[in-house]
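One structure is given below, encoded as structure tokens.
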Protein chains: 2
Amino acid sequence: MDEFDLIARYFDWPARRPEVALAVGDDAAVIDPPADARLVVTTDMLVAGRHFPLDTSPEAVAHKALAVNLSDLAAMGAEPLGFTLSLGLPETDADWLSRFSSALRRVAERWGCDLVGGDTVGSSVLTLSVTAFGTLPAGKIIARGGARPGDRLAVTGCIGDAALGLMVVQDPAAVPEALGAAARDYLRGRLDRPEPRLAAGRALLGSASAGLDCSDGLLQDVGHLLDASGLGAEIDLSAVPLSPAARDWLDARPEDIDRLITGGDDYELIVALPEGTEVDPELGLTMIGRLVEGPVGGIRERHGRVLPTRRGYTHFPGEE
Amino acid sequence: MDEFDLIARYFDWPARRPEVALAVGDDAAVIDPPADARLVVTTDMLVAGRHFPLDTSPEAVAHKALAVNLSDLAAMGAEPLGFTLSLGLPETDADWLSRFSSALRRVAERWGCDLVGGDTVGSSVLTLSVTAFGTLPAGKIIARGGARPGDRLAVTGCIGDAALGLMVVQDPAAVPEALGAAARDYLRGRLDRPEPRLAAGRALLGSASAGLDCSDGLLQDVGHLLDASGLGAEIDLSAVPLSPAARDWLDARPEDIDRLITGGDDYELIVALPEGTEVDPELGLTMIGRLVEGPVGGIRERHGRVLPTRRGYTHFPGEE
């Protein structure tokens, strides 16, 4: 099976969106964007053993590779349109490719995002690079800068599950014994299959003063919003939304709270909302703090709790 | 230096194109495409040791990663607009990054293509994934399908230099002794720094009936055009344009002709031109054959020369 067979067999299905005039199979894809739409483009690369555990199923790899990109579109308030996939493969394993391909097609259809092109190459390590693009109505955007002092800080969903899910994989001895199989599965599922908050992002377009997705750790990403907006923040750690599994975990090991707020891989949205903004309860937003005048980038805890110095994940720790 | 410092230091320069409303630094880039333009998207992944020799300079890596993508845009007749870069790095080497970044900025400016976003991750092998996008006027395109029997087959530039350049690197003992240092440097340069044929692609938009870029080997890529157009071809091997260095090489080792037409990495354009099409001599096109009714995908040589069975490069040779 050379790469042309491989593409034909696993990555060439009909595009569903009318904007996609030419998809997989030529030198490039051709898209006719809606009139007056702004185009939003984002890219993320995932490397096996770094961005997902080596034992991750092909279905979960497909899900995560697309989800983390769509999460960036969600953070801007954009609607997904299409994506490209570059795949570096150590081998051509027909079972793996078949499962990966089916899962990718399924999530792409669910999120309304067509595979329009890609590249398949040999590599010593499984590597995926997705570039996703979507549309925004003219003149509207949620960016990292733009928050004002007094705005409330809110997050979607629950924070910290994926960090605990990674511990379930990497350090099973550290998992509290009280945690049952269902809770462990839930946490692992949150690591493997993040859900891009597309509906929330679109609903917040026009009301959020700033926002981004939470991928590197809550504190680190709040810090990015603060840096871009030139503000500080006061957050209330006790208000950070936690899943039942995470609560059970913290009951047994309260010191792990730092991992939850710095571990990353949440793919929830963090937004700033001007005081008085009406929020649809369906969006699942939780208020966790407030933006304040400087020091820029500084985060203080409302009850005086000392926050960890290292705020999140970094790819190149400790190098020059 | 964490990845945020790294991006700020090496990959965050002002966008030059007015269409780019928001570039590096937020969750996603925002682009306002020209009214009525079609959007063209392509992606290519490059892995060190596979797509370029391990000793390739950072300047050449930057050049090639962008060039091979823009070559796909050129093949469609599109004008480049912007690109994203995902970079998997084994280490953060400040000298390498600084040289890579300067070279990338230089070629991006030369080709009128803004870096709008990217991702920087740790990886055991240097891996680059570029997604480039450009624009086409409404209703116009050069695709692989669409050629007609009787159309002439033409290529830009010279074919086979990069394949010989790879031999200069990988198998110096096989290089004819008569080949001087300048010729060797020229061939290596053609491997390292392909020039996307953007002007030719745009000039051929509207006159070429089909086209693609020559990246996997002349015969293989002609085969792709034939498959998509449902045609066969007759080519004249003696008409395939060769550089002076390649001619000198073949004078010493005529049997290497097969490598030149199957080696790939040419990044020239292959186009089908209806009989009677007037071609600007400035485009540097050479007629190498003619399209014929079937057998579909078949290529015969005008003088009866037997063509190699293996038509080009494949990433996964010999696997099931």
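Below, the figures for the structure above:
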| item | result |
| --- | --- |
| Alpha-carbon centroids, the range B:158-185 and the range B:191-248: separation in whole Å | 21 Å |
| Around A:GLU177: net Lys/Arg minus Asp/Glu count, Cβ-Cβ under 15 Å | -2 |
| Convex hull projection area averaged over all views, the protein assembly as shown, Cα basis, nm² | 29.0 nm² |
| From the C-alpha gyration tensor of the range A:42-119, square roots of 5λ in Å | 21, 14, 11 |
| Cα gyration tensor, chain B - rounded (a/c under 1.5), prolate or oblate | oblate |
| Efficiency of FRET from Cβ geometry, A:ARG302 and B:ALA178, R₀ 56 Å, rounded to 0.05 | 0.10 |
| Calculated label separations, A:ARG148, copies of the chain, 7 Å along the beta-carbon direction, nm | 6.3 |
| Shielding of A:83-92 by partner chains, average beta-carbon count, 10 Å | 5 |
| For A:45-51, mean number of other protein chain Cβ atoms within 10 Å | 5 |
| Packing-based exposure ordering (other Cβ within 10 Å, fewest first) of B:VAL279, B:VAL296 | B:VAL296, B:VAL279 |
| Contact order normalised by residue count of the range A:152-301, Cα under 8 Å, 6+ apart, percent | 47 percent |
| Cβ neighbours within 10 Å from other chains - mean over A:128-136 | 6 |
| Label-point gap, in nm, between B:ALA138 and B:ARG17 - each point 7 angstrom along Cα→Cβ | 2.0 nm |
| Using a 7 Å Cα-to-Cβ projection, B:ASP12 label spacings across copies, nm, ascending | 4.3 |
| The range A:3-136, relative contact order in percent, only Cα pairs under 8 angstrom and at least six apart counted | 38 percent |
| Chain B - percent relative contact order, Cα under 8 Å, separation 6 or more | 22 percent |
| Residues in the range A:43-66 reached by a label modelled at A:ARG110 [backbone nitrogen below 13 Å; 7 Å Cα→Cβ] | A:59-66 |
| Highest-fluctuation residue, B:ARG188, B:ARG17, B:ARG202 considered, GNM on chain B with Cα pairs under 10 Å | B:ARG17 |
| Which of A:THR309, B:THR92, B:THR131 has the fewest Cβ neighbours within 10 Å, and the rest in rising order | A:THR309, B:THR92, B:THR131 |
| Most to least packed among A:133-139, A:70-76 [average Cβ atoms within 10 Å] | A:70-76, A:133-139 |
| Equivalent ellipsoid dimensions for the range A:152-301 as semi-axes, Å, which come from the Cα gyration tensor, largest first | 27, 17, 13 |
| Neighbour-count ranking [beta-carbon atoms within 10 angstrom, fewest first] of A:CYS113, A:CYS214 | A:CYS113, A:CYS214 |
| Highest-MSF residue in chain B out of B:ASP12, B:ASP36, B:ASP216 [GNM, Cα springs under 10 Å] | B:ASP36 |
| B:ASP5 versus A:GLN170: modelled label distance in nm, points set 7 Å from Cα along the beta carbon direction | 2.1 nm |
| Share, in percent, of DSSP beta bridges within the protein assembly as shown that are antiparallel, nearest 5 | 75 percent |
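Bear in mind these aren't lab numbers, they're just calculated from the coordinates by the rules spelled out. Every value quoted in this text rests on a predicted model; they were computed, and no experiment measured them. Backbone-built Cβ (ideal geometry, glycine too); neighbour counts: all protein chains shown.
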